[in-house]
Amino acid sequence: MSSLSPTILIIDDATSVRIIADILNGYDRRFATTGEMGLLMINSSPPDIVLADASMPGMTGFDLCEAVKGNPATSDVPVVLVSAYDAPRLIEDALLLGASDYLTKPLDARHLIACVRAQLRRRRALAAVASQPIADSARLYRAPSALLVARDTFWAENVASLLQGVCAVTTARNEGEAIRAACATAPVVAMVDMSDPRLDGRAICRALRATASGQTLYVMCLVELKTFQCGVAAMMAGIADAMSVEHALLRARVGAVIRETQGFAQRARNAVRPRAPRR
């Protein structure tokens, strides 16, 4: 990632490009109005993050995401899809293709800024840890696990059941239990229930971020519509990476994070693997 202002490639129709560009006016912004043009730009000079409309004519955002993630030279670039359609099936398909997030129009300006910040921060963190010696970056290579922080035992059991076959899940009911579990298991993702008034969700997110594995820990706020802005605030503060309002999509979201982390780790491992000597 560039040490200068991060580069954002916005791929959408001219009107949407102007709206998104105005919101993200602190970044180095580049623009394309078709998926085909955007893919050429990505392949010639990979940006730090891509924002693409999911339903463009011709090469859609889904097609573009699949092409970016299928190219080893660009597979580390986060792709965030934006769309006027919020059907859970579309969001699930986007995550399965490797999209880092899926935002719905009309875009909430603070949520868009928070999402971009979170994706750039996570990419820097993964790159920094992956560049360390294998012994120091071992947490990226462990069997994936997740941490769920929630007071509702029945709901927590349902989430754990939902994630069967994706990863092991450890549950915690308060901040102290969450910190101990994070230190013991080094999870890839932590899910914090922000809708339960008995929990100080932001304090828990901040404490998790401060643990030994917190640099690469993907912190997801589980919110309801009434607590949506609480999740945005946590992302803006740098203590959370994403939000989930639709809990039915948790399996897809957690699976996407795990695949992203494992892919990053494997590519880093391949990059430092010594070549066999020539005969």
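Each reported figure results from applying straightforward, stated rules to the coordinates on display, with no laboratory input. Computed from a predicted model, the values in this text were never measured in an experiment. No Cβ is skipped: glycine too gets one built from the backbone with ideal geometry, and neighbour counts run over all protein chains shown.
Where a ≥ b ≥ c are the square roots of the eigenvalues of the C-alpha gyration tensor, would you call region 188-265 rounded, which needs a/c under 1.5, or, failing that, prolate if a/b is larger than b/c, or oblate?
oblate
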Q: Set the Förster radius R0 to 45 Å, insert the Cβ-Cβ distance between Leu4 and Arg180 as r into 1/(1 + (r/R0)^6), and round the FRET efficiency to 0.05.
A: 0.65
Q: For region 150-157, take each phi angle, set θ = phi - 60°, evaluate the Karplus expression 6.51 cos²θ - 1.76 cosθ + 1.60, and give the result in whole Hz per residue in order, putting x for glycine and proline.
A: 7, 8, 7, 4, 4, 5, 4, 5
Q. In terms of modelled amide H atoms, which long-range or inter-chain residues lie less than 5 Å from the amide H of Tyr218?
A. Val189, Ala190
Q) Whole-Å semi-axes of region 7-107's equivalent ellipsoid, largest first, each the root of 5 times a Cα gyration tensor eigenvalue? A) 18, 17, 12
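For region 7-107, what relative contact order do you get, as a whole percent, if you take Cα pairs closer than 8 Å and at least 6 residues apart? Working shown, then result.
Values: 171 pairs, mean separation 23.9, N = 101.
This gives 24 percent for region 7-107.
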Q) Check Phe31: other-chain or 5+ apart residues with amide H under 5 Å from its amide H, H built from backbone geometry? A) Ile10
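Tally Lys and Arg at +1 and Asp and Glu at -1 over the other residues with C-beta under 14 Å from the C-beta of Thr171: what net charge comes out? Intermediate results must be reported in sequence, preceding the final value.
Numbers: positive: Arg151, Arg173, Arg180; negative: Asp152, Glu157, Glu175, Glu177, Asp193, Asp196.
With Lys, Arg at +1 and Asp, Glu at -1, the net is -3.
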Q: Count the net charge of all other residues whose Cβ sits under 10 Å from the Cβ of Val79, scoring Lys and Arg as +1 and Asp and Glu as -1.
A: -1
**Q.** Cα→Cβ-extended label distance, 7 Å offset, between Asn158 and Tyr85, nm
**A.** 2.7 nm
Q: Could you go through region 220-230 in sequence order and give the Karplus-derived ³J(HN,Hα) for each residue, using 6.51 cos²θ - 1.76 cosθ + 1.60 with θ = phi - 60°, rounded to whole Hz, and x for Gly and Pro?
A: 10, 8, 8, 10, 10, 4, 6, 10, 4, 5, 5
**Q.** Label-point separation in nm, Asn25 to Arg173, each point 7 Å along Cα→Cβ
**A.** 5.0 nm
Q.
What distance in nm lies between label points placed 7 Å from Cα along the C-beta direction at Glu36 and Gln215?
A. 4.4 nm
Q. All other residues with a Cβ under 10 Å from the Cβ of Ala52 taken together, and with Lys, Arg as +1 and Asp, Glu as -1, what is their net charge?
A. -3
**Q.** Sites Asn43 and Arg124, calculated FRET efficiency, Cβ-Cβ separation with R0 35 Å, nearest 0.05
**A.** 0.95
Q.
Apply the Karplus curve 6.51 cos²θ - 1.76 cosθ + 1.60, θ = phi - 60°, to the phi angles in region 248-255 and return the couplings in whole Hz, x for Gly and Pro.
A. 5, 8, 4, 4, 5, 5, 5, x
